[in-house]
Every structure is written in C-alpha cells, then in structure tokens.
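Remarks on the structure that follows.
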Amino acid sequence: MQPVNLHWLEDSRQSLAGGVTLGVPWPMGQVKKEEFLLIGKGGKQHPVQSWPLAYWPDGSIKWTGHAISNPDPKEGLKLVPGKGVRPEKGVKVEETVSSIKVDTGLIQCEISKHGKYLLPLVLRNGKPNLVNGRLVLLQQDGAFGEKENIKTSLLESQINKTSIEQNGPVRTVVKIEGMHAVDGQNAWLPFVIRFYFYAGSESIRTMHTIVFDGDEEEDFIKGLGLRFEVPMKDELYDRHIRFAGKEEGVFAEAVKGLTGLRRDAGKEVREAQVMGNKTPDVDTFPDNVSSRLHYIPNFGDYTLSHTSPDAFTIRKRTEAGHAWLKSAFGDRARGTGYVGGPAGGVAFGIRNFWQSYPAQLDIRRAHTEKAEVTMWLWAPDAEAMDLRFYHDGMGQDTYEKQLDALNITYEDYEPGFGTAKGVARTSEMQLWVLDGTPDYGTFNAIADGISVPPQLAAAPEYLHQVEVFGKIWNLPDTSTPAKAKIEEYLKDYFEFYKGQVDDRRWYGFWDYGDVMHSYDFDRHTWRYDVGGFAWDNSELSTDLWLWYYYLRTGRADVFRMAEAMTRHTGEVDVHHLGRFAPLGSRHNVQHWGCSAKQLRISTAANRRFYYYLTADERVGDLMREQINAVATLKEIPPTRKVSDRSIWETEKDPNKVYVSFGTDYGAVSAAWFTEWERTGDDRIKEKLMNSMRTIAAQPKGFFTGGSRMDLRTGSFEVQDSRTARASHLSAVFGLAEICAELIQNIDMPEFKEAWLQYCELYNAPEEEQEKALGNALGKLNLGQGHSRLTAYAAMQKQSPSLAKRAWDEFFGGAAGYRFEKPKIYEVQGEEVLRPVEEGHISTNATAQWGLAAIQCLGLVGDDLDW
C-alpha cells in the first residue's frame with residue numbers, strides 16, 4: 001500500500017522533542033503485522049517502534065502506535081508497512097528486585113521499586129546529574145482565616161508498585177503507583193506517574209496523575225510537585241540559573257554574579273558568564289576582582305511564581321533566613337527552568353504552566369554541593385487548594401426541594417454528592433539532563449518543546465479515506481454557497497470559543513480545558529456562579545464537536561483545544577475512586593458539584609479520538625475504567641429523583657441493573673466496543689452483541705427507553721412495552737456516533753434496523769410516528785441536533801426525501817441556530833472590567849449545531865445543491 005504522509009501539527013522547527021508518539025489508522029484487511037518503515041528526506045530510513053492500538057473485526061490492524069526518537073521537526077516523514085531499521089543504540093532496560101535501570105544511550109536512569117525516591121539517580125557521561133527525585137505534598141489541616149494554629153505537613157512519595165509498560169528499543173515507559181506519606185500520618189493522595197524514555201535522548205517525559213481521596217473539609221493541599229537535586233560541580237560564578245519567560249525571553253543569571261560590579265572582571269569574563277559558558281581561569285581575572293570574590297553574594301535560591309494566568313514574578317535570595325529580592329516580572333512564563341553549569345545540569349519544565357495556575361518553579365541552595373529543584377504543580381505561594389462544596393445546601397434535604405431548586409438555578413443538588421473525593425488531575429512535565437548550560441537558542445527550543453510538544457499527525461484526507469470514527473464526516477467543501485456558509489460558520493463558532501478561553505480566563509489547575517455552559521447578558525459574563533449553568537462538563541458533546549472538527553480540518557489549534565478538553569473532562573469531571581466511581585458529574589459551578597453522577601459524562605466515546613491519535617497510556621486507562629461502570633448504576637440510578645422506583649429498582653437481583661437505551665447505552669457500548677477493538681476480547685464482544693441483539697428485540701426498539709441488563713451477559717430483558725417514548729437527550733451524548741461505528745463494524749441487521757427506525761422517526765411528523773409506533777412521541781426538543789440522525793437514515797436507506805428532511809431540520813434551527821452569521825461583538829466601558837467579546841451563542845446549541853453540520857455534510861452533503 002502507499003506510504004502514509006505524516007506532518008507536524010505546528011511549525012515546530014524551533015522546538016526540541018526528545019521523542020514523539022502518534023497513532024495512525026489503516027484500511028481494514030490491509031495490515032497484519034505491526035512492522036513499519038519510517039522514511040524521511042531523501043528516502044532515509046529512521047528507526048520507529050510500532051504496536052497495535054486497535055483491530056478491525058477481521059483481525060487486521062486498525063490503529064497502530066508509533067514512537068520516534070529525536071525527530072527533526074523540519075522534516076516530513078512517511079510511514080509504510082514493512083520491516084524497518086533499528087536504532088544504532090536502542091533503549092536498554094535492566095530490571096532487578098529493587099529497581100529498573102534505563103539507558104537511552106545518553107543518560108542512564110535508575111527507577112526505584114520501593115521507598116520514596118522515584119528517580120534516585122540519573123547519570124550523564126558517567127556522572128550524576130540528578131539525584132533523589134521524589135514527589136512532595138504540602139498538606140494543610142485548615143484554611144487561613146478560618147482556623148487558628150494551622151498545621152502544615154510535608155509528605156513525600158511512597159512507592160507501591162513499579163512496572164515496565166513498554167520496553168524499547170525506541171521507547172520505554174515505566175509506570176509507578178503509590179501514595180504520599182509521612183511518619184505518624186495515614187498515607188493519602190494516590191498518584192500514578194509514568195516516565196517516558198526515547199533512544200538517544202537526553203530528556204525524560206513524565207505524565208503525573210493524582211486522585212483526591214481526602215476529606216475536603218480537613219485536607220487542604222498547599223503544594224504539590226516533583227522535587228529532585230542537582231549535584232553542582234562548577235565554581236559559584238559558573239553556576240547558571242535560567243527561566244523561560246514569554247516568547248523567546250529568558251531570565252539568565254549566575255549564583256555569583258560577575259557583571260555590574262564596581263571593578264570590571266573583563267569583557268571575556270562577563271560575556272562567558274552571561275552566555276552560560278565556563279569563564280576563563282580565575283588567575284586571569286583582574287586582581288582587584290579575584291582578590292574580592294568572597295565579598296560578592298552567592299544567590300542560591302530562586303523562585304518563579306505564577307499564581308494567576310496573567311502575571312508571574314521571579315525573586316531570589318542568598319539563602320534561607322535572609323530577605324528575598326524582586327528580580328523580574330512578566331505576564332505568561334513558559335514554565336521551564338535550568339540549574340547547572342558547564343559541567344552539566346538539568347532543564348525542567350511543566351506543560352501548560354500558566355494555563356494551569358497556580359504553578360511555581362523553585363531552585364534552592366544552588367550555592368551548595370546540591371541544588372534542590374521543585375516543580376510545583378500547585379504553587380505554595382498561592383492559597384491552599386480548597387475543594388469544599390460552595391454552599392451549605394440551603395435546606396435541600398428532600399428530592400422534592402431539590403427538584404424545586406433545579407427550576408431556579410438549574411443545579412441538581414443532593415447532600416453528600418458534591419464531594420471532590422475521587423476526582424483526578426493529570427499534568428505533564430519534562431526533565432532534560434544536559435552536559436552543560438544550554439545557550440539561549442537551545443534553552444528556548446527546550447522550553448518551546450515542553451510548552452507545545454511537537455506532534456506528528458496523518459492528514460485529514462488520509463483519515464477520511466480509511467473511514468475511521470463512523471464514516472459520518474467528510475472534508476471541508478465550499479463548492480456551493482450553502483456549503484461555503486456552513487464551513488464559514490463552523491470556523492466562526494470554533495474561533496469564538498477559542499477566543500473565549502483566553503477572554504474569560506478559563507484557566508486553572510482544576511478548570512483548564514473546560515468551557516462554560518450558558519451566558520448572562522445582563523452581567524456580560526458566563527454564568528460561572530449559577531448552579532448548572534456554569535462549567536460545561538461535556539454537556540451535549542462539546543468534546544465530540546471539537547474532535548470531529550479537527551478530523552476534517554487538521555487544524556493544530558483545534559487539536560490543542562480538544563486535547564486540553566479531553567485531559568480535563570476525563571480526569572476532573574469523573575470520580576476515579578469512592579462511592580461514585582467511575583461515573584462523571586453533570587455541569588455545575590464546581591466540576592464535581594452536581595448530584596447527577598452519570599455515564600454520559602465519563603463515557604469512553606469522548607476519549608477515543610485522543611487515544612487513537614496519540615497512543616496516550618493515561619487516556620487508555622480512563623477508557624478501561626469504564627468497562628464495568630454500568631454496574632455503578634445500581635447504587636446511583638440516574639433517574640432516581642424523577643421516575644417511578646419500580647422502573648429502575650433491581651436490588652432483588654445483584655446481577656441486574658436498569659440501563660437507558662440513550663445516554664447510558666451510548667456510554668456502555670462505547671466502553672465495550674473500544675475495549676473489544678483494542679484487545680479482540682471475545683467476552684467483551686459477546687456482551688456487546690448481546691446488548692445490541694436484545695435492544696433490537698424490544699417491541700419498540702430504541703423507543704422502549706430502557707430495560708434491565710444482566711451484568712454477566714450484557715443482555716436486556718425484553719419489555720412488554722405498549723408505548724413508545726423518547727428523550728431529547730438520548731442521542732446527543734455520543735449514542736449517534738457510536739451506533740454508526742457499531743453498524744460499520746458489526747453485521748447485525750436487526751440492530752441496524754432498530755437504530756435506523758429511531759433515526760428516521762425522532763424528528764418525523766406525528767402521523768408517521770403514530771403509524772410506525774402506535775403513538776406519537778409528543779413534543780421533542782433539539783430538533784436541529786437530531787437532523788444528523790435523519791441524515792444517517794437517509795444515507796443508509798438512500799432516501800432523497802429523508803435527505804431533504806434532514807436539511808430542512810438543520811436549517812429550521814429548532815433548539816439551535818437559524819442559518820445566519822453568529823452575532824459576535826465587543827463590549828466596552830463601565831459595565832465590564834475590560835473589553836470582552838460576547839455573542840448570542842450557547843454551548844449546547846454550538847456543540848449540537850457543529851455535530852449536525854459536520855454529519856449532515858458528511859452523510860447527505862450531495863443533496864445540498866444551493
């Protein structure tokens with residue numbers, strides 16, 4: 001088959017990447033082995049490590065993961081099946097009872113299996129550059145201003161398990177699981193950290209996840225980070241500090257400064273220190289300088305602190321017990337630092353540094369034999385992390401009161417359900433183990449590569465050709481005025497939300513990646529403080545809208561926004577331990593605040609895109625969490641407040657749970673289908689097919705609404721239902737998209753017929769519904785969003801009349817947008833703190849309009865001829 005062209009998402013020519021991993025799909029039936037050639041400029045072969053991510057139903061490979069070491073961001077690459085070359089010096093791994101040793105060819109790393117040090121030793125050129133790498137947690141037992149005599153404790157990592165997830169030759173992944181601990185206290189705050197090593201690379205990429213398992217009333221996190229020490233071998237005036245500011249700006253100083261002195265050390269000396277080179281021998285210094293070096297202060301401590309998304313400060317001091325000096329200020333730092341000298345050092349950085357504020361980089365005791373570095377994911381300079389629920393319940397102690405309150409603030413409250421217990425946060429960091437102080441260009445390239453890691457991707461044309469993600473999308477088409485307008489509006493809506501992220505400062509450790517739900521025009525702000533109108537939490541498939549828009553455009557900015565959303569919604573919006581695990585939380589002022597804990601938020605349908613495009617292990621974990629999530633509905637029935645208990649009550653049978661055929665089944669089938677295609681597990685396939693078969697067997701099909709599922713087999717009880725019913729939410733949380741994939745991959749005519757019936761009849765005239773189902777469905781919402789279901793039925797049935805109806809529904813704008821330019825304008829003056837952009841736009845409508853536009857174009861675009 002023809003080679004697949006790979007391109008860089010961004011212009012990464014000025015960035016350094018120690019390694020890159022990506023996913024590539026393949027046509028069904030064409031690839032049987034995970035062996036590939038990677039071809040660069042002039043036909044040169046590059047080593048590539050490959051592995052299967054998913055399989056087609058015939059057993060052929062559907063998606064593969066590929067790792068490339070030290071790629072050249074200026075070079076395009078081609079990938080083709082075949083036996084490729086191996087690296088000259090592949091990653092070597094040696095495992096013992098107590099540790100795992102990884103040698104990339106440039107650096108040698110020891111990773112512990114026990115104790116507190118994750119990275120006890122990292123060598124370069126046979127010399128230790130980094131030692132005693134561990135996680136640190138500052139725990140506070142109360143909030144300042146509310147409690148006297150607050151106690152702060154320092155906890156450090158305690159390793160429970162270390163394992164090799166992938167073993168070279170190009171890429172090795174080591175995973176460590178553990179808790180944070182200190183003598184005399186219970187260990188808490190579970191962590192998972194992965195270290196990524198690439199052949200011939202001097203960098204270590206880390207993926208760090210914590211899961212909050214504390215009591216939010218008592219356990220306040222004052223600081224959270226990764227700490228290590230750097231042996232300092234150079235003279236004090238040859239020890240260099242670097243911080244990356246905005247764009248190419250760099251803060252550069254030395255522990256003992258030789259510039260700006262009353263007596264001049266000489267141009268050669270000054271220039272060497274400023275550039276990070278070794279200075280000439282001290283014997284060459286002027287006597288009036290060399291004889292007084294001991295009077296020049298040694299500044300051993302430095303801090304870059306970013307406690308807001310708009311400002312950072314840099315300060316320094318000689319050592320603890322002395323005052324800090326204000327060194328520099330700026331708006332948005334890239335979050336990378338360096339400490340070391342010509343004999344070696346370490347560059348270190350946090351991705352999305354200011355976006356995930358409060359963040360902080362500390363260098364301590366650089367004037368001693370070992371400098372201590374801490375990369376703070378939560379900055380101690382900031383107030384302690386406060387995860388308590390934001391109100392006292394306001395007397396909502398019954399379902400009746402909670403439903404009544406829902407009618408004023410749209411908040412679904414229930415005592416005890418607004419807990420943060422179980423929510424997670426994943427952060428990316430990098431370490432660069434260097435043989436000397438990098439020059440400005442190299443340091444900037446490292447910082448840029450940490451801030452926006454270079455990413456390879458296949459082109460939209462190829463992704464479309466392979467027919468992945470449901471065959472329901474196409475490439476941009478401006479061949480007619482109507483299509484051109486739709487493409488223009490798709491772009492406009494995305495650009496608006498992209499701008500709102502910055503305009504409204506949708507940033508922060510727990511918030512970055514999400515968008516808001518609804519707007520308050522009176523205050524000219526999103527309804528950040530009004531119950532269920534605040535954070536969106538994937539409501540009506542914002543994640544899917546962004547990913548399908550990326551698939552067809554290949555735009556880097558769309559990918560990055562979807563990437564951030566996938567990280568957020570899969571971690572923060574989902575409970576990963578505790579009573580509600582692994583369900584997600586509906587939209588709320590706080591991401592975990594809503595009492596609606598549902599599969600529609602935690603669904604694997606929202607994660608699959610990023611996993612297959614990047615082969616990301618953490619997102620793979622998140623999808624696997626969902627395989628048995630349906631069982632949680634026994635304890636947390638989604639409709640417990642609004643439906644007859646007899647419908648969902650299954651306590652008498654431990655193996656039965658009530659599952660709706662809409663939002664619930666969309667998530668269940670997405671988890672099972674994804675696991676089956678990832679592993680080929682016949683047991684998962686059987687459960688999935690049993691569920692499909694028994695939905696089709698219902699007298700009213702999908703219009704039955706739901707039934708009791710046998711958790712052992714996946715089969716539903718066949719209901720003796722006489723009344724057809726539908727919910728406007730059933731198909732708008734990924735059900736439509738995953739059903740398209742089920743039908744594409746599994747030949748089950750009865751299921752296809754049941755789904756096409758739902759697609760055709762949801763928006764149909766009442767007389768057609770009554771004729772087919774025995775009763776009309778009543779007034780249903782989200783007509784525009786459901787036009788894509790009509791379009792799917794039209795494509796499958798090759799029905800021009802259904803295609804026309806789909807476009808009529810789309811342009812009709814029911815519960816969405818009329819076909820006109822979005823009204824977006826700037827608000828200035830005394831009513832706002834600063835000029836802001838606003839528009840007559842809602843996130844629900846935008847996500848559903850976007851998915852309807854993309855799928856109607858992809859399915860019945862040829863029927864739109866004006």
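In the assembled protein chains, Phe329 presents an accessible area of approximately 140 Å² (probe radius 1.4 Å).
If R0 is 45 Å, the Cβ-Cβ spacing of Glu268 and Glu75 corresponds to a FRET efficiency of close to 0.75. Can you give the Rg to Rh ratio of region 742-813, both from alpha-carbon atoms, with Rh computed by the Kirkwood formula? Taking Rh as the inverse mean 1/r over Cα pairs, Rg/Rh reads 0.98. What's the local net charge at Ser305, with K and R +1, D and E -1, over the other residues with C-beta under 10 Å away? Charge balance near Ser305 sits at -1. Using 7 Å Cα-to-Cβ label points, what is the Arg818/Lys485 separation (nm, one decimal)? Between Arg818 and Lys485, the label points sit 1.2 nm apart.
With each label modelled as a point 7 angstrom along the Cα→C-beta vector, the Asp808-Val642 pair spans 3.0 nm. Share of carbon and sulfur in the accessible area of the chain stands at 48%, probe radius 1.4 Å.
Per the Debye calculation on region 332-416 with a single equal scatterer at every Cα and no solvent contribution, log₁₀ I(q)/I(0) for q = 0.25 Å⁻¹ amounts to -1.14. For Asn775, the residues whose amide H sits under 5 Å from its own are Ala724, ignoring neighbours fewer than 5 places away on the same chain, with H placed 1.01 Å from N. The modelled label-to-label distance between Glu750 and Ile408, using points 7 Å beyond Cα along the C-beta direction, is 5.1 nm.
Note on the chain: helix-only mean residue ellipticity at 222 nm, from DSSP H runs of 4+ residues weighted -39500 (n - 2.57) and normalised by residue number, equals -8000 deg cm²/dmol. When only the Cβ of Lys, Arg, Asp and Glu is charged (+1, +1, -1, -1), the dipole of region 698-768 relative to its Cα centre reaches about 320 debye.
Accessible surface of His840, taken over heavy atoms with a 1.4 Å probe and every protein chain present, rounds to 100 Å². Comparing Ala458, Ala17, Tyr198 along the charge dipole axis of the chain, the residue lying farthest to the positive side is Tyr198, per the Cβ-charge model. Karplus-based coupling profile of region 515-521, in residue order and whole Hz: 10, 8, 8, 9, 10, 10, 6, with θ = phi - 60° in 6.51 cos²θ - 1.76 cosθ + 1.60 and x standing for Gly or Pro.
At full extension, Ala252 and Gln185 could sit 20.0 nm farther apart than now, given 0.36 nm per residue minus the alpha carbon distance. Between the beta carbons of Leu261 and Lys779, assuming R0 = 56 Å, the FRET efficiency works out to 0.10 to the nearest 0.05. About the centre of its Cα atoms, region 471-605 shows a dipole size close to 380 debye [charges on the beta carbon of Lys, Arg (+1) and Asp, Glu (-1) only; nearest 20 debye]. Add +1 for every Lys or Arg and -1 for every Asp or Glu among the other residues with Cβ under 10 Å from the Cβ of Ala670, and state the total. Residues close to Ala670 contribute a combined charge of -1. Solvent-accessible area per residue in the chain equals 38 Å², computed with a 1.4 angstrom probe and all protein chains kept. Of Phe703, Phe251, the residue with the largest accessible area leads and the full order is Phe251, Phe703 (1.4 Å probe). Between the DSSP loop rule and a limit of at most 14 other Cβ atoms within 10 Å, which trypsin sites (Lys or Arg not before Pro) in region 685-755 are left? Within region 685-755, the qualifying trypsin sites (Lys or Arg not before Pro) (loop, at most 14 other Cβ atoms within 10 Å) are Arg712, Arg722. For GluC sites (Glu not before Pro), the sites in region 131-211 that DSSP calls loop and that have at most 14 other Cβ atoms within 10 Å are Glu146, Glu148. Sparsely packed loop sites in region 789-835 (the GluC sites (Glu not before Pro) outside DSSP H, G, I, E and B with at most 13 other Cβ atoms within 10 Å) comprise Glu820, Glu830, Glu831. Among 113-122, 316-325, 610-619, sorting by the average number of other beta carbon atoms lying within 10 angstrom of each residue, highest first, gives 610-619, 113-122, 316-325. The dipole here belongs to region 387-494: it is taken about the Cα centre, uses +1 on the Cβ of Lys and Arg and -1 on the Cβ of Asp and Glu, and is about 120 debye.
The values are calculated or read from the model by the stated rules, or taken from the named source; none is laboratory data. From a predicted model like this one, the values you see are computed outputs, not experimental measurements. Don't worry about glycine lacking a Cβ; one is built from the backbone with ideal geometry, like all the others, and counts go over all protein chains shown. SASA here: full protein model, heavy atoms, side chains in, ligands and nucleic acids out. Shrake-Rupley method; radii C 1.70, N 1.55, O 1.52, S 1.80 Å.
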